[in-house]
Amino acid sequence: MRLLILIPLLFGTPSAFAWSSATSDDVWRSGWGQGTAEAQVTHGSGNEIYVACEDGSGFSSSISFSLAGSGPKGSEVLIIFDNGKPESISVGRDGRVISDSRAGDSTFRYVLANFKNHRKVYIRFSDGRESTFTLNGAAKAIGNCRSTF
């Protein structure tokens, strides 16, 4: 009987000592998932910038934006780096910037370079959803992300 009581105390219940895989806001993270190098930052519930980097596995390098839990509804996203001038970037039907064409590659490289060289980015979708993300740590988390074009 003592052993049955001691085991939960030593190992905890599944939620008592579980290391959270949840992410912290305003911290760029990097990792590796299913053959793709990944970088990500969140800011509030459902707001995320996610960068997937091709490594020769056949997937396309891409950048996706999610606000309030979903991607943009239109084909453009408003983006402002460090309180600079507003810019409109094109996204595909799935709401991502994919580097598998000349135009997509140009936008992909431009956005990544700015992620690495600024302190914050403001993102706004055409339906009014918006958020500001930190770019501190983005250069390290993104690393040498290659285009697929």
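The values are calculated or read from the model by the stated rules, or taken from the named source; none is laboratory data. The structure displayed is predicted, hence computed values, not measured ones. FYI the Cβ positions are ideal-geometry reconstructions off the backbone, even for glycines, and counts take in every protein chain you see. Accessible surface is based on the protein model in full, side chains and every heavy atom, while ligands, DNA and RNA are left aside. Shrake-Rupley method; radii C 1.70, N 1.55, O 1.52, S 1.80 Å.
With a Förster radius of 25 Å, plug the Cβ-Cβ distance of SER45 and TYR110 into 1/(1 + (r/R0)^6) and report the FRET value to the nearest 0.05.
Values: r = 29 Å, r/R0 = 1.14.
My answer for the efficiency is 0.30.
By its C-alpha gyration tensor, with a ≥ b ≥ c as the square roots of the eigenvalues, how is the stretch 72-149 shaped: rounded for a/c under 1.5, else prolate for a/b larger than b/c, else oblate?
On the way: a/c = 1.91, a/b = 1.02, b/c = 1.87.
Since a/c reaches 1.5 but b/c is at least a/b, the shape of the stretch 72-149 is classed as oblate.
Indicate the gyration tensor shape class of the stretch 109-149 (rounded, prolate or oblate), computed on the Cα atoms with a ≥ b ≥ c the square roots of the eigenvalues: a/c under 1.5 is rounded; otherwise a/b larger than b/c is prolate and the rest oblate. Don't jump to the answer; show the numbers that get you there.
Numbers: a/c = 2.96, a/b = 1.51, b/c = 1.97.
Oblate is the answer for the stretch 109-149, as a/c is 1.5 or above yet b/c matches or exceeds a/b.
What accessible surface, in Å², does a 1.4 Å probe find on LYS73, ignoring ligands, DNA and RNA and rounding to the nearest 10?
Counting only protein heavy atoms, the figure is 140 Å².
Cut-off under 24 Å on the C-alpha distance; same-chain residues fewer than 8 positions from LYS116 excluded. Which lysines are left, in chain and number order?
LYS85, LYS140
What is the distance in Å between the Cα centroid of the stretch 23-75 and that of the stretch 95-116?
Using only Cα atoms, the two centres lie 13 Å from each other.
Using a 1.4 angstrom probe, figure out how much accessible area the stretch 41-149 has per residue, in square angstrom, rounded to the nearest whole.
Values: 5500 Å² over 109 residues.
Heavy-atom accessible area per residue stands at 50 Å².
Sort the stretch 21-110 into rounded, prolate or oblate with this rule: let a ≥ b ≥ c be the square roots of the eigenvalues of the Cα gyration tensor; rounded if a/c is under 1.5, and if a/c is not under 1.5, prolate when a/b is larger than b/c, oblate otherwise.
Values: a/c = 1.63, a/b = 1.02, b/c = 1.59.
It is oblate, given that a/c is not under 1.5 and a/b is not larger than b/c.
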